[in-house]
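Below: one structure, written as structure tokens.
The values are calculated or read from the model by the stated rules, or taken from the named source; none is laboratory data. Only a predicted model underlies this, so the values are computations on that prediction, with no experimental measurement involved. Cβ coordinates were reconstructed from backbone atoms using ideal geometry, including for glycine residues, and neighbour counts include every protein chain displayed. What goes into the accessible areas is simple: the full protein's heavy atoms, side chains included, and nothing from ligands, DNA or RNA. Shrake-Rupley method; radii C 1.70, N 1.55, O 1.52, S 1.80 Å.
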Amino acid sequence: MRIAVVADVHGNGAAFQAVIAAFEPVDEVWCLGDLVGYGPAPDECIDLLQQMAHRCVAGNHDWAAIGRLPLEDFNPAAAAAARWTAGRLSESHRRFLEGLPETAEIGDFTLAHGSPRHPIWEYILTPGAAAASFPYFFTTYGLVGHTHVPALFVEPGGPALAPPEYDSTTALVPSRLILNPGSVGQPRDGFPEARYMFLDTKRLTFEYRHVPYDIERTQAEMAAVGLPPILISRLSHGW
Ligand code: ZN
């Protein structure tokens, strides 16, 4: 199967549209959570995902928007955005978010938002954090989001792998890996373009991709609905 893996869309409709337009034809879209929160177009992003064959797991911002996590656990700007998102969601979109599982196993892949160990909240930013999560899933490959930073971690004892390069096809080695495609709607690795991953589960290859999008459109939409300025300005910088 040919799969587009997306994470942390965060209600950024312009970024999600650009990523979808950049897909070559895929069989399914796998979404690693945080479809909403921060951005101005939560309903549009859920609609866009629902129009495609997809699998999706829940993220912390998805749960915040449906009242399943206390907003005191979020920083003030994120909590304000979650409150705005909660008031904005249609009833059917709220039910969609309520129905998202915490993890999903598809063939040789396990999908989680944060980590296989603590799917909703844990960040995998270091090889040590990744090592702690390998015992908590049973497929060869784990796919996570949440950090908004593209990454690849090898199970301890596996081969040393060079960090994957953008737009170049890399073989999925048979050792166990945790991969993070980076964020569609709010990249935090210093480059403001939208990120996603193309995965070929038959050829066992993957490719990190980045796509320019109309950042100013999203920023104008955010300003128009009064979302916090810090969330608006950071999109220009990708942090
Ligand atoms: Zn996120």
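Side notes on the structure shown:
- Highest-MSF residue in the chain out of Y196, Y38, Y136 [GNM, Cα springs under 10 Å]: Y136
- Largest GNM mean-square fluctuation among E207, E216, E155, using the chain with Cα springs under 10 Å: E216.
- The chain - mean residue ellipticity at 222 nm from DSSP helices (-39,500 (n - 2.57) per run, n ≥ 4, rounded to 500): -8500 deg cm²/dmol
- Each label was represented as a point 7 Å from its Cα along the Cα-to-Cβ direction; for L161 and L125 these points are 2.2 nm apart.
- Gyration tensor analysis over the Cα atoms of the chain returns equivalent ellipsoid semi-axes of 27, 19, 17 Å (largest first, whole Å).
- Here the gap between H118 and N75, fully extended at 0.36 nm per residue and compared with their Cα-Cα distance, gives a gain of 13.5 nm.
- What the range 1-64 shows is 25 Å² of accessible area per residue, with the surface traced by a 1.4 Å probe over protein heavy atoms.
- Anisotropy class assigned to the range 1-122 is oblate, per the alpha carbon gyration tensor with a/c at or over the 1.5 cut-off and a/b no larger than b/c.
- Rounded to the nearest 10 square angstrom, S233 shows an accessible area of 50 square angstrom against a 1.4 Å probe.
- One chain, two ends: R95 and D200. Fully extended at 0.36 nm per residue, the span grows by 34.7 nm beyond their Cα-Cα distance.
- The share of accessible area on the chain that comes from carbon and sulfur is 56 percent, using a 1.4 angstrom probe.
- From the alpha carbon centroid of the range 32-58 to that of the range 134-188 is 22 Å.
- Spatial separation of Cα centroids for the range 90-119 and the range 61-84, in angstrom: 17 Å
- Taking 7 Å steps out from each Cα toward its Cβ at S236 and A224 produces label points 2.0 nm apart.
- Within a Gaussian network of the chain (alpha carbon springs, distance under 10 Å), most fluctuating of A82, A129, A194: A129
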